[in-house]
Structures are given as structure tokens and as C-alpha cells.
1. One residue is enough: does segment 118-132 have a residue meeting the conditions hydrophobic (A, V, I, L, M, F, W, C), outside any strand (DSSP E or B), under 15 Å from the mean Cα position of the chain (by Cα) and surrounded by fewer than 18 Cβ atoms within 10 Å (Cβ to Cβ)?
2. Considering only residues that are of a type outside the set (A, V, I, L, M, F, W, C) and in contact (Cβ under 8 Å) with a residue 40 or more places away in the chain, look in segment 111-127 and name the one that is farthest from PHE20 (Cα to Cα).
3. Out of the residues in segment 23-48 that are small (Gly, Ala, Ser) and touching a residue at least 12 places away in the same chain (Cβ under 8 Å), state the one that is farthest from GLY119 (Cα to Cα).
4. Checking the condition in a strand (DSSP E or B) and touching a residue at least 60 places away in the same chain (Cβ under 8 Å), which residue from LEU88, LEU51, LEU75 passes?
5. Starting from segment 94-110, keep only residues that are without any contact (Cβ under 8 Å) to a residue 60 or more places away in the chain and not assigned by TED's automatic domain parsing to the domain that holds SER17, then list their pairs with residues that are surrounded by 14 or more Cβ atoms within 10 Å (Cβ to Cβ) and assigned to a loop (DSSP other than H, G, I, E, B) whose Cβ atoms are within a distance under 8 Å, requiring at least 6 positions of separation or different chains.
6. Of the residues that make up segment 59-66, is at least one among the polar types (S, T, N, Q) and closer than 16 Å to GLU123 by Cα?
7. With respect to VAL93, is the statement that it is among the β-branched types (Val, Ile, Thr), within 16 Å of MET26 (Cβ to Cβ) and exposed (fewer than 15 other Cβ atoms within 10 Å of the Cβ) true?
Amino acid sequence: MSRQIFVNLPVRDLERSKAFFAALGMAIVPRFTNEQAACVRIAEGIHTMLLVEPFFQGFTKLPVADARRSTEVLLALSCDSREEVDALVAKAVAAGATTPNAPQDHGFMVQHGFADPDGHQWEVFWMDENAAPERC
């Protein structure tokens, strides 16, 4: 059996979050979606579970971070080309995201990113592993 990853993220407005990720071309998985949570298929084996904050809180005794005020995690998502990095960030901005950092070109890698409507930071990158220095 191959491994999958399901990244759980707290959201304030589930419908807004579902619309945002759908605008990026990501599929909402109806089987694992209800009024408290939505499963978003990012790619084969990679998903995010968008959980309304009270539901998310039920999984932890720690306070839920407000991603608009602090960084709880940086989510890095690879792309197949430099052009795909630019296109995905443009789609995200058109759907309501912000871009907290300027794009960076390291020669062997380009990266940019966006903060989704709940403030979660997504680092979008393309990398030519063969051109990477011995130690990055």
C-alpha cells in the first residue's frame, strides 16, 4: 500500500475555503466532505482536510493557531515547471489569496507562494534536482 498524506487545516468559513481550492483546480472529495470538513485532493496521494475551527479543536488540547497572526506550518507544493509556479500563484491571488513574499529564483529552483484566505502559507516551487548544489 502506498502512503498518502492528509494535512489538516483549521478554517473559519468552509464554503469559502472549498471555493478557493476549487478555483485552483483542486478536487473536493464528496465522500469525505460534510458540514464540518472538506477533503481536497491536491494530487494523487496528497490531500488537505479543511476542518471548521471548532471541529479542528476537538483533535487537540492545544490552542488553535490563527494563521493570519502566526505561522504554524509552511506547506510546500512542487510544480512541474517555472510556468506552473507562476500560474498557480496567479490563480490563488485571483481566488482571494495574498502573496506574503516576492518570487525567488535560485537558478536551480524558483519559488513563490501564497497565503490562502485563512492565512495558511503555501510555498509553491519548481526545482531541477540535477542542477542543485551538492548541499543546499
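1. Within segment 118-132 (the criterion being hydrophobic (A, V, I, L, M, F, W, C), outside any strand (DSSP E or B), under 15 Å from the mean Cα position of the chain (by Cα) and surrounded by fewer than 18 Cβ atoms within 10 Å (Cβ to Cβ)), the answer is no, since none of the residues qualifies.
2. For segment 111-127, the residue satisfying everything is GLU123.
3. Filtering segment 23-48 for residues that are small (Gly, Ala, Ser) and touching a residue at least 12 places away in the same chain (Cβ under 8 Å), the one farthest from GLY119 (Cα to Cα) comes out as GLY45.
4. Going through LEU88, LEU51, LEU75 in turn, the sole match is LEU75.
5. Correct list of pairs: VAL110/PRO103.
6. no
7. So VAL93 passes the test.
So that you can scan it fast, the table gives a plain yes or no per residue for (1) surrounded by 14 or more Cβ atoms within 10 Å (Cβ to Cβ); (2) of a type outside the set (Asp, Glu); (3) not assigned by TED's automatic domain parsing to the domain that holds HIS120:
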| position | (1), (2), (3) |
| --- | --- |
| ASN34 | no, yes, yes |
| ILE46 | yes, yes, yes |
| ALA76 | no, yes, no |
| VAL89 | yes, yes, no |
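The values are calculated or read from the model by the stated rules, or taken from the named source; none is laboratory data. Given the structure is predicted, the values throughout are model-derived calculations rather than measurements. Note: ideal-geometry Cβ built from the backbone for every residue, glycine included; neighbour counts use all protein chains shown.
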